[in-house]
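Notes to accompany the following structure.
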Amino acid sequence: MLALDLLPSTRRLAWLPAIALACGANPAAGDTGLDTEPSTDAESGPATTQGSATTTATATTTATTTADATGDVDTTASTGVDTDDPPQPDANPLFDDLQPGEVMDLGPFTCTPPDGEEDYLCLGVFGYGGMTFDPNGHRVLSFGGGHATTMNDSIHALDLAGTPAWTSLYEPTPCSAMTPDNVDAALGAWISGASGPFPRPVSAHTYDLVAFAPELDEMILLGRSFTGGYCSGAGNDISGPIAHFVPELDAWEFSGDPSTASVGLAGAEYDPTTGHFVTFGPSGLSIYDPVGRTMIASIGADDIPGIGDIDVGYANHMTYFPPDDTFYYVLRGTGGQVVALHLDRETPAASSVELVATSGTGSPHVEPGYDYDPVNHIIGGGVADSTFYAFDPATGAWTSTAMQGGAPGTQTFHALVYDAIDGIFVFVSEGDSGGHTWAYRHG
């Protein structure tokens, strides 16, 4: 599926030949490229530009953590960062009457397009990308776009504390500023534009690599690939180190560790035990410390115990399951195959993987997102044809539920999160399904 599948079919037709060519297809040979990812060596990941990146980070201590019996993490002593849980926002009464199995339409996704780009490309911010839940702000945050989608480089926020509405946290860079001489090659960022903050990451595919560090109150881009959108003249292979958006400063900051630019098309998840981020995919296993802003472990895929003949693929989604302290990596397009990652926090190189014995049928979605539901103790998502798919790691069983109360259709790419404050999943549907935002309570 191309990101233009986000758009209604009547608006896509004129773009299909251009997209097919951009993705390496050969229309003369009958190849449209519409069922493939953008052209890349998927096993090695996208080309990267590395350099001696500057950063405004001041914390350099690698986080070491302890957890009490409830699972709460205390890192204050080792990092100097106060990680006591902030007061949790109140649940939104809007969702009080949403029953298990029901959906609620929260309205269409809207955004302000970059000056010089067509308005209807807006929904492309989720193309080959996703979003993350900010529990401190009781909102959803997203960053994406890039090749064959949109060059909108704003952060988009969905307020879930009041009347749900999408807003842009800052004005997107205008197309006229998307030139090679306006790129900081070391950071993979635009240097300037109509209004701040700058530098800021170039719009790119973010897959399952948009994350949030609750203790730091920062949104983090753990990877970004394919930056050659329609109105950009700066190229398709701009890359850079892991980037942090700091709401308190209204600023982007970047890791000074150039090795963080090489996680590839991986799945990523926050590890609440350590406060680190774990990525796993075709390039292997990596662990990132968001406090020190350094990659503290990197193990090649062939060196991970248990990998054997498992084809981990790429652009898959990974979710942490607290009941058994395991990360589950769902292989898209397989009917429900799942890889379990057993993380050894003391000796990351001793971490292992195994293919899980499953039953039932997983989502038919070609590139879905999932999240953990702590109420029902399942990993859920993969919404396709108004059906929700849930995986229970305790039994290895996949189940499907026809949604009631509305017809959301199919979610767009990885754009699904679990809102633990309201006990609901929130997702955005693709263009042919209306491009709306939906809430769903499982049960």
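Any chance region 395-407 includes a residue that's within 20 Å of Phe277 (Cβ to Cβ), touching a strand residue (DSSP E or B) at 6+ places or on another chain (Cβ under 6 Å) and at pLDDT 95 or above?
No - not one qualifying residue is present in region 395-407.
Do we find that Asn152 is surrounded by fewer than 22 Cβ atoms within 10 Å (Cβ to Cβ), assigned to a loop (DSSP other than H, G, I, E, B) and touching a Gly at 6+ places or on another chain (Cβ under 6 Å) in this structure?
Considered against the rule, which asks whether it is surrounded by fewer than 22 Cβ atoms within 10 Å (Cβ to Cβ), assigned to a loop (DSSP other than H, G, I, E, B) and touching a Gly at 6+ places or on another chain (Cβ under 6 Å), Asn152 comes out as no.
Of all residues in region 412-438 being more than 22 Å from Leu121 (Cα to Cα) and among the acidic types (Asp, Glu), which is farthest from the chain's Cα centre (by Cα)?
The extreme case among them is Asp422.
Return yes when Ala394 is without any contact (Cβ under 8 Å) to a residue 60 or more places away in the chain and surrounded by fewer than 21 Cβ atoms within 10 Å (Cβ to Cβ) and no when it is not.
In short, no.
Please go through region 369-393 and pick out each residue that is outside any strand (DSSP E or B) and either of a type in the set (Val, Ile, Thr) or touching a Phe, Trp or Tyr at 6+ places or on another chain (Cβ under 9 Å) (or both).
Gly369, Pro374, Val375, His377, Pro393
Among Thr279, Thr274, which is the only one that is over 28 Å from Cys175 (Cβ atoms) and part of a strand (DSSP E or B)?
Going through Thr279, Thr274 in turn, just one is over 28 Å from Cys175 (Cβ atoms) and part of a strand (DSSP E or B): Thr279.
Taking the condition loosely packed, with under 15 Cβ neighbours inside 10 Å and touching a strand residue (DSSP E or B) at 6+ places or on another chain (Cβ under 9 Å), does Ser359 pass?
yes
Does Gly146 fit the bill of being in the same structural domain as Leu221 (by TED's automatic domain parsing), within 19 Å of Phe425 (Cβ to Cβ) and of a type outside the set (A, V, I, L, M, F, W, C)?
In short, no.
With respect to Thr173, determine if the residue is part of a loop (DSSP other than H, G, I, E, B), within 21 Å of Tyr230 (Cα to Cα) and either in contact with a helix residue (DSSP H, G or I) (Cβ under 9 Å, 6 or more places away or on another chain) or not acidic (Asp, Glu) (or both).
In short, yes.
So if I check each of Leu265, Leu285, which one is in a strand (DSSP E or B) and either within 28 Å of Tyr389 (Cα to Cα) or free of Cβ contacts under 8 Å to residues at least 24 places away in the same chain (or both)?
Testing whether each residue is in a strand (DSSP E or B) and either within 28 Å of Tyr389 (Cα to Cα) or free of Cβ contacts under 8 Å to residues at least 24 places away in the same chain (or both) leaves just Leu285.
Confirm whether Gly145 is closer than 26 Å to Ser433 by Cβ, surrounded by 15 or more Cβ atoms within 10 Å (Cβ to Cβ) and in contact (Cβ under 8 Å) with a residue 12 or more places away in the chain.
When the stated conditions are applied, Gly145 passes them.
What do you reckon, is Gly145 within 17 Å of the chain's Cα centre (by Cα) and either of a type outside the set (Lys, Arg) or modelled with pLDDT of 95 or more (or both)?
yes
The values are calculated or read from the model by the stated rules, or taken from the named source; none is laboratory data. Everything numeric here is computed off the predicted structure, so don't read it as measured data. When we count neighbours, we look across all protein chains shown, and the Cβ atoms used for this are built from the backbone with ideal geometry, even at glycine.
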